[in-house]
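The values are calculated or read from the model by the stated rules, or taken from the named source; none is laboratory data. Keep in mind it's a predicted model, so treat the numbers as computed, not measured. All Cβ positions, even for glycine, are placed from backbone atoms using ideal geometry, and neighbour counts span all protein chains on display.
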Amino acid sequence: MRLVLRAGGALRTGPERDLVDDYLGRARGLARGLGFLDVEEHSVDLGKCRSRADETEKIVGGVPRDAAVFVLDERGKSLTSRQLSDALVRLRDEGRPSSVFLIGGADGFDPAALPSGIRKISFGSQTWPHKLVRVMLAEQIYRALTILAGTPYHRD
């Protein structure tokens, strides 16, 4: 199964870019040994989008039909790192080809344009800058893989 972080907008340079690259690089180093094919990041250019629905359709447009889709949404379910890890291993064991994590544009997703069967997850009710959400998501993907690898976890 592939793990894909798919986000609206580009993250070109700076400390956030460095952190995302670091966490996803670490995650890639663990992925194959745990039965995950790859850990990828896709940036989606939203420059020509004229509405939230356009942005949502463009971000969702590149997601394979049979992927498990997680949407970052402040009204989503707050998962512990272990719960995320458990969800990923279940999806892997079910034979899902990919799990895709979506970060929307500045105004979020248009609910009417989202596919059915998505899982809404949250990093809390606070408003976070998109650059930091991308960093936090990259870190949580890495952390989920470290839990699966049996690395000592301070919450156990």
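At-a-glance table
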{"quantity": "Residue satisfying all of: in the stretch 112-156; of a type in the set (Ser, Thr, Tyr) and free of Cβ contacts under 8 Å to residues at least 40 places away in the same chain; nearest to ARG28 (Cα to Cα) among these", "calculated": "THR151"}
{"quantity": "Odd one out for THR127 among (1) in a loop (DSSP other than H, G, I, E, B); (2) in contact with an Asp or Glu (Cβ under 9 Å, 6 or more places away or on another chain); (3) more than 19 Å from GLY8 (Cα to Cα)", "calculated": "(3)"}
{"quantity": "Whichever residue in the stretch 108-129 is more than 12 Å from the chain's Cα centre (by Cα) and under 18 Å from VAL20 (Cβ atoms) and, among such residues, is surrounded by the fewest Cβ atoms within 10 Å (Cβ to Cβ)", "calculated": "PRO129"}
{"quantity": "Residue count for the stretch 76-94, restricted to those that are out of contact with any Ser or Thr (no Cβ under 7 Å at 6 or more places or on another chain) and without any contact (Cβ under 8 Å) to a residue 60 or more places away in the chain", "calculated": "8"}
{"quantity": "Single condition GLY105 does not satisfy, out of (1) farther than 17 Å from VAL4 by Cβ; (2) under 11 Å from the mean Cα position of the chain (by Cα)", "calculated": "(2)"}
{"quantity": "Which listed residue, of LEU137, LEU132, is under 12 Å from the mean Cα position of the chain (by Cα) and either modelled with pLDDT of 90 or more or of a type in the set (Phe, Trp, Tyr) (or both)", "calculated": "LEU137"}
